[in-house]
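The values are calculated or read from the model by the stated rules, or taken from the named source; none is laboratory data. Remember, predicted model here, so these are calculated numbers, not experimental data. Positions of Cβ are generated from backbone atoms using ideal geometry, with glycine treated the same way; all protein chains shown enter the neighbour counts. Accessible surface areas use protein heavy atoms only, side chains included; no ligands, DNA or RNA. Shrake-Rupley method; radii C 1.70, N 1.55, O 1.52, S 1.80 Å.
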Amino acid sequence: LLQKWKDMGCILQVNRTSIFGYDKIANANFVANKMLEDDLIDVIASDAHRAYAPRYPKLSDAYKYVEKRFGKDRADLYFKINPRKILGI
């Protein structure tokens, strides 16, 4: 289903909390990391529900995680390049 959405041009975002399993939603961590492995993500962001951990607007830990597992080019794509494209800058 996710690949179908990508093929339709949909933009897929994953929250950093899902990557690390902080949000306690069943299977969110597994699905987020599978999406990373399958390169189905366009943007990794924060849902920033509060100003303190674990759901605060910090992305450096997720950037480092993606960079270590998949390389700097993929990390830059998810955290810098694609967000700028979405914003038109």
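Express the relative contact order of the chain as a whole percentage, based on alpha carbon pairs under 8 Å and six or more residues apart in sequence.
Numbers: 87 pairs, mean separation 22.3, N = 89.
Once normalised by length, the contact order is 25 percent.
Mind checking the per residue accessible area of the chain for me, 1.4 Å probe, whole number of Å²?
Values: 5770 Å² over 89 residues.
Per-residue value: 65 Å².
Before rounding to the nearest 500, sum -39500 (n - 2.57) across all DSSP H runs of length at least 4 in the chain and divide by the residue total; then give [θ] at 222 nm in deg cm²/dmol. Write down the numbers at each step before the final one.
Values: 6 runs with 43 residues, N = 89.
Helix contribution divided over all residues of the chain: -12000 deg cm²/dmol.
Provide the packing ranking of 3-10, 66-73, i.e. peptides ordered by the mean count of other C-beta atoms within 10 Å per residue, highest first. Don't skip to the end; give the middle numbers.
Working: 3-10: 9.5, 66-73: 13.4.
Averaged packing, sorted descending, gives the order 66-73, 3-10.
When you count, for each residue, the other Cβ atoms within 10 Å and take the mean per peptide, how do 25-33, 11-19 rank with the highest first? Mind dumping the intermediate values first?
Values: 25-33: 14.6, 11-19: 19.3.
So the order, starting with the most tightly packed, is 11-19, 25-33.
Determine the gain in length on full extension of the stretch Gln13-Arg69; use 0.36 nm per residue of separation and subtract their C-alpha separation, reporting nm with one decimal. Kindly include the intermediate steps, with their values, before the conclusion.
On the way: separation 56, 0.36 × 56 = 20.16 nm, distance 1.82 nm.
Gain on extension, Gln13 to Arg69, equals 18.3 nm.
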